[in-house]
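Novice: This is the structure, below, for whatever I ask next.
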Ligand SMILES: [Cu+2]
C-alpha cells in the first residue's frame, strides 16, 4: 500500500513538472508554432488508425474464440428459443454493421488525413445519400423493435390457461423459499406482517385462510417437465431479482407487491446434463476442481450440473450466493416428491386453527378427520426441520 502511494505521488510530481515545462515553452516567443500538426504528424496518426482497427478486430476474434464456450446452453423453456433467436439476430446485425462502419471510418480517416495543399472531395449536402442512410436504419430498427415487442408480449402473457402450476418465489436477504399451492393449487394469503418466527411461519401465511392449509413450503424447487408454471414473486426486504438463466427468465421481486412470470420447462435436469455444452462445462469445471483438490484447497468436490435460481439484483453482502437449486423432472417423479412434502397445516399451524380446519373438513368430507392422528405425527417429525431453517435465517442476519 505504501509503495502504491509513493508511486502515485511520484507520477503526479512528474506530471506537474511536465505541465510546468510546457507552460514555460508556450511563454517563450517563437517564430515556428510546434502545436500545429505537420504532414508527417498526420501520416503517423493515419497509420495509428489502422493499428487501432487491427486491435479492435483482433480482440473481437480473440473473444469469440476464447469465450463462446461461456454462453448458456440451449434454452430449457418453451419461450426460450424465440428469445434466443431475437438476441442472435440483433447480435448479427450489430456485428455486421459495426465491422463495416469501423473499417470505413478508419480507412477514410487515413485517406483524407491532413496534407498541405490537399482538399478532400465533399458534398455540402446530398439529399439522396441522406435519404439512404436514414431509411435503412429506420426500417431495420423498426423491424427489430416490433419483433421485440411481439416477443415480449408473448413471453409476458401470464394467464391461467392450460392449468398452470402455481408457485411462489419468496426472496429475502440472502435466500430463496418456494411455496406451492398444494392439492388445490391455490396459494393462501400471506403478508410480511404475519411472519412469526417462533411458530416458524417464515413466509407470513395467513392461518385463517383455508387455501393456506395445504400450501407446501420448500427450499428446493421441483418442476414437472412440459407443464406451465406461473410464478408469483414476493420480497421481504429489498429489491431482488429472480433469475433463471437456463429458462431465459428474470423478474424483479419488489417489497410490497407481487410480480409474475410464467414459463414451461421443456428439458429435464437428467436430459440437460447430457447436452454437449453442459458436458463440456462440467468437464472444464471439474478439471479446475481436481487441480484445487491436488493442492488441498477447499471447494474441490466434483461438480454436477443443476438448474439454478439466482438473485440478479445486488441486494447486499451475500447477494453473490443467493441461489436455489431447480430440478426439472417427469410428472411421476414430481408427484412422488410432492407427496413426501409436509403441508403448512402439518408443520406450522397452531392447534386451535387446526381444530377449526378439521371441523370445516369434517363437515364436507368425513375421511379428513381420520387423518388427524397422522398429521400430528408428521407435525412432530417436520417441525424440527422448519425451526432449524428459521434459526439459520436469524444467524445470517
Ligand atoms: Cu437478492
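The values are calculated or read from the model by the stated rules, or taken from the named source; none is laboratory data. None of the values given here were measured: they were computed from a predicted structure. Note that we place each Cβ from the backbone using ideal geometry, even for glycine, and neighbour counts take in every protein chain shown.
Novice: Which of (1) assigned to a helix (DSSP H, G or I); (2) free of Cβ contacts under 8 Å to residues at least 40 places away in the same chain; (3) closer than 30 Å to residue 68 by Cβ is the odd one out, the single condition residue 198 does not satisfy?
Specialist: Here residue 198 clears every test but (3).
Novice: Another question, then. Out of the residues in the stretch 287-322 that are surrounded by fewer than 16 Cβ atoms within 10 Å (Cβ to Cβ) and within 16 Å of the ligand (Cβ to nearest atom), which is nearest to residue 265 (Cα to Cα)?
Specialist: The residue in question is 308.
Novice: Residues of the stretch 323-346 being part of a loop (DSSP other than H, G, I, E, B) and crowded, with 18+ Cβ neighbours inside 10 Å, which ones?
Specialist: 342
Novice: Please verify whether residue 88 is within 45 Å of the chain's Cα centre (by Cα) and exposed (fewer than 13 other Cβ atoms within 10 Å of the Cβ), treating the condition exactly as stated.
Specialist: yes
Novice: Count, please, the residues in the stretch 207-255 that happen to be touching a strand residue (DSSP E or B) at 6+ places or on another chain (Cβ under 9 Å), assigned to a loop (DSSP other than H, G, I, E, B) and more than 16 Å from the ligand (Cβ to nearest atom).
Specialist: Adding up the residues that qualify gives 11.
Novice: Sticking with this one: Given the residues 192, 140, which is the only one that is farther than 20 Å from residue 233 by Cα, surrounded by 12 or more Cβ atoms within 10 Å (Cβ to Cβ) and modelled with pLDDT of 80 or more?
Specialist: Step by step, each of 192, 140 is checked, and only 140 is farther than 20 Å from residue 233 by Cα, surrounded by 12 or more Cβ atoms within 10 Å (Cβ to Cβ) and modelled with pLDDT of 80 or more.
Novice: For the structure I just gave you, tell me whether residue 124 is touching a helix residue (DSSP H, G or I) at 6+ places or on another chain (Cβ under 8 Å) and over 23 Å from residue 149 (Cβ atoms).
Specialist: Criteria not met by residue 124.
Novice: Of the numbered conditions (1) in a loop (DSSP other than H, G, I, E, B); (2) over 30 Å from residue 144 (Cα atoms); (3) out of contact with any helix residue (DSSP H, G or I) (no Cβ under 9 Å at 6 or more places or on another chain), residue 26 fails exactly one; give the number of that condition.
Specialist: (1)
Novice: In the stretch 256-286, what count of residues is obtained for those that are outside any strand (DSSP E or B) and either farther than 29 Å from residue 301 by Cβ or within 16 Å of the ligand (Cβ to nearest atom) (or both)?
Specialist: 5
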